[in-house]
Amino acid sequence: MTDYTKEINRRRTFAIISHPDAGKTTLTEKFLLYGGAINLAGSVKGKATARHAVSDWMEIEKERGISVTSSVLQFEYDGFCINILDTPGHQDFSEDTYRTLMAADSAVMVIDASKGVEAQTRKLFKVCAMRHIPIFTFINKMDRDANDTFDLLDEVEKELGIATCPVNWPIGSGKGFKGVFDREGAKVITYSDTEKGTKEGISKEIPLENREELIENIGQEAADKLFDELELLDGAGAEFDLADVRSGDLTPVFFGSALTNFGVEIFLQHFLEMATTPLPRKADIGLLEPAEHEFSAFVFKIQANMNKAHRDRIAFMRICSGKYDAAKEVRHVQSGRVMRLSQPQQIMADERKILSEAYAGDIIGVFDPGIFSIGDTLCMPKESFRYEGIPTFAPEHFARVRQIDTMKRKQFIKGISQIAQEGAIQVFQELAGGMEEIIVGVVGVLQFEVLKYRLENEYRVDIGLEQLPYEYIRWIENKEEIDIQRLQGTSDMKKIQDLKGNPLLLFVNEWSIRMTCERNKGLQLSEFGRN
Ligand code: G4P
């Protein structure tokens, strides 16, 4: 056992995935309240910044000097050290949102009980499922009229392809919300609308066998419905199996109301019991166990120009093994350089804290003099191995970009290349094209504005941007076997290539993808690009 085993084993690092407005911010605030990180819920993240309009994005960046897209929250609860990775979700939804998921060991999926599975949740879920990480479901807003519980579970199973196992079961919803039934403890926990911002609830816990007391508290009708539903549930639902949860095949489901702070602590406690310690990660020398290996980390996100005056970049890294000691040198494998990381810090919602040590499971941000790229590995100087790269995620918006002043070609290429290296945009070309006119792909449309703004302000290049109708991009998995020139697509399909010359296909809709696969037997398309 190493001296850092204990520290690593008490860490839990997760991301919250949800569709905007499902209650991610509210739930995070409540978690922090239990962790004692703040006294009053609501002060985690200014609501105004969480839901800013596109136009004031740059202003916010300037004012705060730090991107609203880059926070990690760390708090202590019951002996655990918990890291919550914030996944930007509103207008600033971008590839970074996906990449952040690469740094998490599990995910909490928040679903609005009256809306069910929504578009953004579906996208983020896919990325988690690709890694088979455990996913915990919190069905929120039970204090409002909710969809039928069985229907909600069915939707999760069918839409996302994951088995569900309710850990607790809601009793009514909206005005008729009476609480939840805790299946393991065979007791009802009555709903208490705790005042916003306080953590003491006035819930009662009533064993299911105390029928009279139960009826007295939740009413005859609600009790009858509960008994009926439990009977149905025992015959239908998947058995709880921790191994299936850990392999991402089964999601434990909880019901509650983040706003009124009901069901949040129950969720947190069960989550901590079931979630894993930092997971081993795959490198080219094999699977590395976090507590058995000295310091290593990989870069999952690069944030440029957090401070315009200094043009600095911050590289966010996830520590995968061992202990990080700021006094010691580390190796940046991709450049071969041995160096001391500059200004290692933990980036909280609105503050930066300089760190002297951190452990596997933690996220640190370091000053990047321009050498780090997404997916890079850091380890001890005596070692030199590489973690498996981060996939390239499919952009959903495409635009043809050209420089207006052709004299500024050098700056244009430099700017585009640097911004692409940070991972904010992906750059493509016509099949036989050069760099005069390129196609830029982004996950969130806001990235187009960021690109234009940054090229103008940092590189003094004006660009023309013409948005294209494509929404789907596919990598060709078996490109060696396919002759791209002869490939028969639909008339609205476009053939392009990336800067490494890999052929790619752009489609307007999913129907075209299906047709193209049908017309070209053996063609294997992928939504993720391997670096
Ligand atoms: P997000 O981060 O997932 O986008 O969602 P956020 O927490 O900001 O919540 C979106 C809206 O839903 C907020 O209302 C919030 O108060 C509300 N909400 C969150 N959880 C619950 C819940 O359990 N029950 C109910 N009834 N509402 C909930 P808003 O009116 O948009 O903002 P605000 O004026 O309340 O701040």
> Of the conditions (1) assigned to a loop (DSSP other than H, G, I, E, B); (2) within 30 Å of K175 (Cβ to Cβ), F267 fails just one. Which one is it?
Replying inline: (1)
> Does V188 satisfy the condition of being under 27 Å from R12 (Cβ atoms), crowded, with 17+ Cβ neighbours inside 10 Å and of a type outside the set (D, E, K, R)?
Replying inline: no
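If the requirement is being surrounded by 15 or more Cβ atoms within 10 Å (Cβ to Cβ), at pLDDT 95 or above and within 15 Å of the ligand (Cβ to nearest atom), which of these qualifies: F255, F262? Spell out the reasoning first.
Values: F262 fails: at pLDDT 95 or above.
Step by step, each of F255, F262 is checked, and only F255 is surrounded by 15 or more Cβ atoms within 10 Å (Cβ to Cβ), at pLDDT 95 or above and within 15 Å of the ligand (Cβ to nearest atom).
Just one of L451, L468 is more than 14 Å from L506 (Cβ to Cβ) and either among the acidic types (D, E) or under 28 Å from the mean Cα position of the chain (by Cα) (or both); which is it? Spell out the reasoning first.
Numbers: L468 fails: more than 14 Å from L506 (Cβ to Cβ).
One residue alone meets the criteria, L451.
Looking only at region 242-255, which residues are assigned to a loop (DSSP other than H, G, I, E, B) and at negative phi?
Correct list: S247, D249.
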> In region 133-162, which residues are surrounded by fewer than 18 Cβ atoms within 10 Å (Cβ to Cβ), away from the ligand (no atom under 16 Å from the Cβ) and either under 18 Å from S114 (Cα atoms) or at pLDDT below 95 (or both)?
Replying inline: D148, F150, D151, D154, E155, E157, K158, E159
>> Just to be sure before I move on: is D56 out of contact with any Leu (no Cβ under 9 Å at 6 or more places or on another chain), at pLDDT below 75, among the charged types (D, E, K, R) and more than 12 Å from the ligand (Cβ to nearest atom) in the structure I sent?
In response: yes
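Could you name every one of the strands (runs of 3 or more DSSP E) located completely within region 126-177 that has at least 3 residues being over 28 Å from T97 (Cα atoms)? Step through it out loud before you land on a result.
On the way: elements: 135-140, 163-166, 168-171.
Result: 168-171.
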>> Suppose the filter is modelled with pLDDT of 90 or more and within 16 Å of the ligand (Cβ to nearest atom); does G219 pass it?
In response: no
> Identify, please: which residue in region 366-392 is part of a loop (DSSP other than H, G, I, E, B) and acidic (D, E) and is, among those, surrounded by the most Cβ atoms within 10 Å (Cβ to Cβ)?
Replying inline: D376
> Within the set of pairs 6+ apart or on separate chains, which have a first residue in region 11-36 that is free of Cβ contacts under 8 Å to residues at least 60 places away in the same chain and closer than 16 Å to E265 by Cα, a second that is of a type in the set (A, V, I, L, M, F, W, C) and assigned to a helix (DSSP H, G or I), and C-beta atoms under 7 Å apart?
Replying inline: T25/A50
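Residues checked against (1) free of Cβ contacts under 8 Å to residues at least 24 places away in the same chain; (2) touching a Lys or Arg at 6+ places or on another chain (Cβ under 8 Å):
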| residue | (1), (2) |
| --- | --- |
| I404 | no, no |
| M407 | yes, no |
| I419 | no, yes |
| E437 | no, yes |
| V442 | no, no |
> Taking region 477-506 on its own, how many of its residues are in contact with a strand residue (DSSP E or B) (Cβ under 9 Å, 6 or more places away or on another chain), more than 24 Å from I416 (Cβ to Cβ) and either assigned to a strand (DSSP E or B) or among the hydroxyl-bearing types (S, T, Y) (or both)?
Replying inline: 1
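Please work out which residue is farthest from T100 (Cα to Cα), limiting yourself to region 7-26 and to residues that are part of a loop (DSSP other than H, G, I, E, B) and more than 6 Å from the ligand (Cβ to nearest atom).
Here is the first cut: in region 7-26, the ones part of a loop (DSSP other than H, G, I, E, B) are 10, 19-23.
Of the ones still in play, those that are also more than 6 Å from the ligand (Cβ to nearest atom) are 10, 19.
On the way: R10: 21, H19: 16 Å.
If we take residues in region 7-26 being part of a loop (DSSP other than H, G, I, E, B) and more than 6 Å from the ligand (Cβ to nearest atom), then R10 is farthest from T100 (Cα to Cα).
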> From the residues in region 111-132 that are within 15 Å of the ligand (Cβ to nearest atom) and out of contact with any Leu (no Cβ under 9 Å at 6 or more places or on another chain), which one is nearest to N147 (Cα to Cα)?
Replying inline: S114
> Looking only at region 240-279, which residues are under 22 Å from the mean Cα position of the chain (by Cα) and without any contact (Cβ under 8 Å) to a residue 12 or more places away in the chain?
Replying inline: E273
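The values are calculated or read from the model by the stated rules, or taken from the named source; none is laboratory data. What you see is a predicted model; the values in this text were computed from it and never measured. A quick note on method: Cβ atoms are made from the backbone with ideal geometry, for glycine too, and the neighbour counts reach across all protein chains shown.
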